[in-house]
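Please read the structure below before turning to the comments.
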Amino acid sequence: MRDHAADAKVFKAFCDGNRLQILEQLRSGEKCACVLLEKLQISQSTLSYHMKILCDSGVVVGRAEGKWTYYQISSQGSAYAQELLRVLTEKNG
């Protein structure tokens, strides 16, 4: 049986324009929250909100360094999201 609540977190990560912009920025590699703030022109609290959702989904991981957090796309989380979409949309029989 699938954990639909966990699966929903993955899809929630992709259901917002700001989060899609963040993912697009992270495609080129790890970024400091300070860089994301500058590129996206959003507030610190708005970024924190979106990063929590992205990290909770497993698609993004963060690491603290000094006063900033650095984020990157998780290869494991990305693979899981791709497989999840495939499993949920392929025809059964």
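Restricting attention to the range 17-93, lysine pairs at least eight places apart or on different chains and with alpha-carbon atoms under 29 angstrom apart total 6. Under a Cβ-Cβ cut-off of 15 Å, what is the net charge of the residues other than Ser28 that fall near it, where Lys and Arg count +1 and Asp and Glu count -1? Residues close to Ser28 contribute a combined charge of 0.
Across the range 29-46, rounded Karplus estimates of 3J(HN,Hα) from the backbone phi angles (6.51 cos²θ - 1.76 cosθ + 1.60, θ = phi - 60°) give x, 4, 9, 6, 4, 4, 5, 4, 4, 5, 5, 8, 6, 10, 6, 4, 5, 5 Hz, Gly and Pro being marked x. When the alpha-carbon atoms of the chain are used, the pair Rg, Dmax equals 14.2, 53 angstrom.
Exposure here means at most 16 other Cβ atoms within 10 Å; with GluC sites (Glu not before Pro) in a DSSP loop as sites, the longest stretch of the chain lacking them is 31-89. A 1.4 Å probe, protein heavy atoms only, puts the accessible area of Val35 near 50 Å². Helix 4-13 versus the longest principal axis of the chain: what angle, 0 to 90°, nearest 10, using Cα atoms? With rounding to tens, the tilt is 40 degrees.
Each helix, a run of at least 4 DSSP H residues, gives -39500 (n - 2.57); summed and divided by the residues of the chain, these come to -19000 deg cm²/dmol at 222 nm. Per residue, the range 1-64 exposes an accessible area of 59 Å² to a 1.4 Å probe, with every protein chain left in place.
Taking amide H positions as modeled 1.01 Å from N, with prolines and chain starts lacking one, no residue 5 or more places away or on another chain lies under 5 Å from Glu30.
Candidate cross-link partners of Lys9 among the aspartates and glutamates, defined by an alpha-carbon separation under 19 Å and a same-chain spacing of 8 or more, comprise Glu24, Asp56, Glu83.
The values are calculated or read from the model by the stated rules, or taken from the named source; none is laboratory data. These figures come from a predicted structure and were not determined experimentally. Positions of Cβ are backbone-derived with ideal geometry, glycine not excepted, and every protein chain shown enters the neighbour counts. The protein model used for the area step is the full one, side chains on, heavy atoms only, and it has no ligands, DNA or RNA in it. Shrake-Rupley method; radii C 1.70, N 1.55, O 1.52, S 1.80 Å.
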